[in-house]
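In what follows, a single structure is set out as structure tokens and then discussed.
The values are calculated or read from the model by the stated rules, or taken from the named source; none is laboratory data. In this text the structure is predicted, and so the values were computed from the model without any measurement. A quick note on method: Cβ atoms are made from the backbone with ideal geometry, for glycine too, and the neighbour counts reach across all protein chains shown. To get the accessible areas, we keep the full protein, side chains included, count just its heavy atoms, and leave off ligands, DNA and RNA. Shrake-Rupley method; radii C 1.70, N 1.55, O 1.52, S 1.80 Å.
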Amino acid sequence: MAQVKQEETLKKIVSHAKEYGFVFPSSEIYDGLGAVYDYGQNGVELKNNIKRYWWSAMTLLHDNIVGIDSAIFMHPTIWKASGHVDAFNDPLIDNRDSKKRYRADVLIEDEIAKFDDKIEKEVAKAAKRFGDSFDAALFRTTNPRVLEHVAKRDELHNRYKAAMEANDLAELKQIILDYGIVCPISGTKNWTDVRQFNLMFKTEMGSTADGSMNVYLRPETAQGIFVNFLNVQKTGRMRIPFGIAQIGKAFRNEIVARQFIFRMREFEQMEMQFFVRPGEELKWFAQWKEARLKWHKALGMGDEKYRFHDHDKLAHYANAATDIEFRMPFGFKEVEGIHSRTNFDLSQHEKYSGKKIQYFDPELNQSYTPYVIETSIGVDRMFLSILCSSYEEQALDNGETRVVLHLPKQLAPVKACVMPLVRKDGLPDKAREIVNMLKFDYACQYDEKDSIGKRYRRQDAVGTPFCITVDHQTLEDNTVTIRHRDSMEQERVAIADLPALIDKEVSFKELLKKLV
Ligand code: GAP
């Protein structure tokens with residue numbers, strides 16, 4: 001039942017995103033292309049605002065972080081050095097009856113999540129029964145039914161973890177069979193063996209058959225930073241610790257693409273590699289973990305919607321790793337990864353390129369290969385988390401329902417919509433005057449069509465924080481009505497006061513100040 005509700009919520013968000021110009025399926029008139037999406041007129045604004053928030057937080061607030069924009073195509077040996085050619089694989093399994101392909105690890109993780117759900121249900125039931133006197137922590141450690149679920153969960157989890165660490169594909173299949181995991185489409189257990197599948201897209205560069213070489217579409221932006229480490233360090237005279245930030249497209253041939261823009265084949269990342277002294281990486285890892293969570297929470301979408309998830313299986317390059325997870329309609333899901341990547345990447349590029357990639361530390365009077373803390377967040381996942389958290393179908397006192405996006409105001413695609421009450425008596429001209437005053441600082445719209453109520457609804461649906469109505473009184477005293485999106489409250493204010501009023505709520509400055 002809960003599953004059905006979650007799917008319905010996501011479906012509503014997907015169709016709202018399309019109807020209001022946020023996200024369209026790519027190549028839609030040709031029936032779409034799997035897991036590839038286009039951003040519409042409102043989507044691109046929201047996306048740009050997310051990127052601006054991240055970029056400013058990194059490069060404006062830290063005088064030791066600079067940005068770059070490296071190419072998507074890179075020398076193919078880079079991907080050999082980084083380990084992606086050999087190890088950027090997912091274990092896939094096919095169901096012979098439905099002919100559908102799945103990630104074996106995801107099937108098992110979903111099974112583990114079922115035990116977690118059962119545990120949470122027991123706790124919620126008991127909390128309801130015992131009311132204020134309920135001690136959740138005590139209940140979790142003593143209730144026999146909860147303990148039984150925990151034991152079963154841990155048994156499966158440990159088996160899965162061991163299989164993943166040993167890269168034991170036969171054991172992954174055996175777990176799927178032992179736990180009776182069925183294909184959601186066919187409902188059968190008629191599975192093939194588990195195989196590894198490389199996620200990188202390959203293409204050819206060069207015009208002649210002889211002269212062409214295989215190149216990859218980058219699966220992460222991080223490598224563009226590593227191979228430019230010396231360029232930036234030297235030309236920017238950067239001293240460790242320092243960071244390099246980058247926003248750009250990444251491409252992965254995902255086996256199972258689902259949940260809308262959560263798992264895409266073409267997506268965008270915001271990555272920052274922070275170079276530190278060897279031995280200091282775990283201190284910096286802890287610091288960046290907190291800094292990144294603070295960045296998320298500053299948006300005010302609710303602190304309870306975030307949690308850390310420390311990795312069981314570390315990537316080949318990491319000595320510590322965590323995810324920041326966000327509560328989506330389909331459960332807590334990774335939005336950002338924070339990795340302590342050791343000196344793996346720089347050492348590998350030194351080895352494969354034959355070029356010395358070291359840093360001379362004037363304070364220590366020695367050279368070393370820096371260690372790296374990486375923060376990596378998907379723009380599209382961040383976009384989805386904001387959309388999911390903001391969407392509300394709100395029942396109003398008059399019996400009507402309004403659909404409103406409670407977007408963080410700084411990120412809203414349109415900050416204010418100016419509306420003449422009627423399309424005559426000089427009100428449109430006055431409204432346009434106000435747009436012309438505000439448009440240099442804020443994304444504004446002008447709307448004169450339909451009733452004021454309908455116009456409010458249209459702006460609620462795209463998350464516009466302010467609607468400004470020009471009426472006959474405006475012509476007399478230069479005041480307007482400003483209506484607030486979330487409370488729907490209206491107040492009469494002087495036109496001259498509008499910039500300060502809007503600025504207080506939508507300015508990036510106020511948002512960024514929360515981070516320092
Ligand atoms: N450089 C490290 C790296 O790429 P990752 O955990 O594979 O690490 C980082 O990816 C972030 O990129 C994820 O937390 C997620 O937000 C985003 N991401 C990864 N794969 C994605 C996909 N197929 N679709 C959308 N976003 C994705």
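Miscellaneous remarks
- K99 open to solvent by 50 Å² or more (accessible area, probe 1.4 Å), assigned to a helix (DSSP H, G or I) and over 27 Å from W295 (Cα atoms): no
- Scanning region 488-504 for residues that are within 22 Å of H406 (Cβ to Cβ) and open to solvent by 60 Å² or more (accessible area, probe 1.4 Å) turns up M488, E489, Q490, E491, D503, K504.
- Scanning region 183-198 for residues that are surrounded by fewer than 17 Cβ atoms within 10 Å (Cβ to Cβ) and part of a loop (DSSP other than H, G, I, E, B) yields P184, I185, S186, G187, T188, K189, N190, T192, D193.
- Residue that is surrounded by the most Cβ atoms within 10 Å (Cβ to Cβ) [pool: residues in region 365-380 that are more than 12 Å from the ligand (Cβ to nearest atom) and assigned to a strand (DSSP E or B)]: Y371
- Among the criteria (1) more than 26 Å from Y391 (Cβ to Cβ); (2) among the basic types (K, R); (3) part of a strand (DSSP E or B), the one R483 does not fulfil is (1).
- Scanning region 258-270 for residues that are in a loop (DSSP other than H, G, I, E, B) and either within 17 Å of T221 (Cβ to Cβ) or within 7 Å of the ligand (Cβ to nearest atom) (or both) yields R263, M264, R265.
- Hey, K409 open to solvent by 50 Å² or more (accessible area, probe 1.4 Å) and in contact (Cβ under 8 Å) with a residue 12 or more places away in the chain or not: yes
- Hey, T474 at pLDDT 95 or above, farther than 17 Å from H406 by Cα and in contact with a Leu (Cβ under 8 Å, 6 or more places away or on another chain) or not: yes
- Those residues of region 321-364 which are away from the ligand (no atom under 14 Å from the Cβ), at pLDDT 95 or above and assigned to a strand (DSSP E or B), in sequence order: R327, Y359, F360, D361
- Any hit, region 265-284, residues being within 30 Å of L33 (Cα to Cα), open to solvent by 40 Å² or more (accessible area, probe 1.4 Å) and not acidic (D, E): yes
- Which numbered condition W55 fails, given (1) among the hydrophobic types (A, V, I, L, M, F, W, C); (2) open to solvent by less than 60 Å² (accessible area, probe 1.4 Å); (3) under 15 Å from the mean Cα position of the chain (by Cα): (2)
- Selection from region 199-219 of residues that are in a loop (DSSP other than H, G, I, E, B), at pLDDT 95 or above and open to solvent by 10 Å² or more (accessible area, probe 1.4 Å): M200, F201
- Flag if I225 is in a strand (DSSP E or B) and either within 13 Å of the ligand (Cβ to nearest atom) or more than 16 Å from R341 (Cα to Cα) (or both): no
- Residues that are charged (D, E, K, R) and under 33 Å from the mean Cα position of the chain (by Cα) were ranked within region 438-480; the one that is nearest to P420 (Cα to Cα) is D447.
- Selection status of S389, within 16 Å of the ligand (Cβ to nearest atom), touching a residue at least 60 places away in the same chain (Cβ under 8 Å) and under 30 Å from H349 (Cα atoms): no
- Verdict on A127 being exposed (fewer than 13 other Cβ atoms within 10 Å of the Cβ), out of contact with any Asp or Glu (no Cβ under 6 Å at 6 or more places or on another chain), free of Cβ contacts under 8 Å to residues at least 40 places away in the same chain and not in a loop (DSSP other than H, G, I, E, B): no
- The set of residues from region 293-325 being open to solvent by 70 Å² or more (accessible area, probe 1.4 Å) and among the aliphatic types (A, V, I, L, M) comprises just one member, L314.
- Of all residues in region 381-392, one or more are farther than 30 Å from Q273 by Cβ, not in a helix (DSSP H, G or I) and not charged (D, E, K, R).
- Residue in region 162-170 that is open to solvent by 60 Å² or more (accessible area, probe 1.4 Å), outside any helix (DSSP H, G or I) and among the small types (G, A, S) present: yes
- Per-region count, region 25-50, residues out of contact with any helix residue (DSSP H, G or I) (no Cβ under 6 Å at 6 or more places or on another chain), within 30 Å of L511 (Cα to Cα) and open to solvent by 40 Å² or more (accessible area, probe 1.4 Å): 5
- Residue count for region 236-250, restricted to those that are within 12 Å of the ligand (Cβ to nearest atom) and either free of Cβ contacts under 8 Å to residues at least 24 places away in the same chain or of a type outside the set (S, T, N, Q) (or both): 4
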